[in-house]
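Read through the structure below, which is laid out as structure tokens, and then see the notes.
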Amino acid sequence: MFRIRLVWNQIWLSNSILGSFLFLLKTCHQFLAFVLFFAVHAIAHDVEELKRQVESYINNVCCIASDFIQLFGDGKCYSGKFYLLRKKGDTKVKIDYVEGIKQKIFINNGTITILQNGRMYNSSIEKMPIYSVLSGRLNLKNETVEIIENSDNLLRIKIKNFRGFALTLVFSKYEKTKNIQTLEAWIVDDGNVETLFSLNSENRTINDEKSIPKGTFSNEKAR
């Protein structure tokens, strides 16, 4: 009788330990699920905040003047002067190559004009992803984005399948607030080739119309 009671007590004790373990496991699972839910929610909130900052910056820049380097996937490297001016609803861009290729590019409200070797080529640029950046009409609400890098001093955000392209924007950040400070570069990926367009931080000016020389956007060939 004593041995039966002893065995029964051992079984009861084992079941109690197992029950406690299962309860603890269930509690940990619920806690982890709770933490994971808020972690995912926090990440989603951070992404939305970064999208808001990117939109706000891009859409509120009125002018840029800077040297640039353009690097193609095949290793070709060009450089020159880049000018952007948005004024009274108009968007004007000039890309003046000085090394690598003899070419001038003018963009006037969605129409791109290329001057090369004494010839002029015109086409529409409105449906190209970079034009939404140049024109200040960037809308990321329904776009799929990937945060490639979000460090203390740099943000790289990739807009996937953006009108058939992938567009990566690179920004520097303010040291104290960690908010977006300046557009540094963009990368266009058409599915075959990536092209990097990088602005020179040493002589770049933002929102200073006086830094753009008079007559910059005059297309001599078109007059």
*Treat the count of other C-beta atoms within 10 Å as a stand-in for reagent exposure and order ARG119, ARG204, ARG52 from fewest to most.*
ARG119, ARG52, ARG204
*Given LYS92/LYS214; LYS51/LYS92; LYS51/LYS158; LYS51/LYS160, which pairs have Cα atoms separated by over 18 Å?*
LYS51/LYS92
_Protection-proxy order for peptides 67-80, 155-168, each taking the mean of Cβ atoms within 10 Å per residue, highest first_ = 155-168, 67-80
*³J(HN,Hα), Karplus 6.51/-1.76/1.60, whole Hz, each residue of the stretch 186-203, x for Gly, Pro*: 9, 10, 9, 10, 8, x, 10, 10, 9, 10, 9, 10, 10, 7, 7, 5, 6, 10
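Please go through the stretch 128-223 and write out the GluC sites (Glu not before Pro) that DSSP classes as loop and that have at most 13 other C-beta atoms within 10 Å.
Listed in order of number, the matching sites are GLU175, GLU202.
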_Distant-in-sequence amide H partners of PHE162 (H built 1.01 Å from N, under 5 Å)_ = LEU167
*Find how much the distance from GLU209 to ILE69 grows on full extension, using 0.36 nm per residue of separation minus their present alpha carbon separation; answer in nm with one decimal.*
48.2 nm
*Rg to Rh ratio, the stretch 129-223, alpha-carbon atoms and Kirkwood radius?*
1.02
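Bear in mind that the values in this text are calculations on the coordinates, not laboratory data. Small disclaimer: the values here were computed from a predicted structure and weren't measured. Cβ sites come from the backbone with ideal geometry, for glycine too, and all protein chains shown count toward neighbours.
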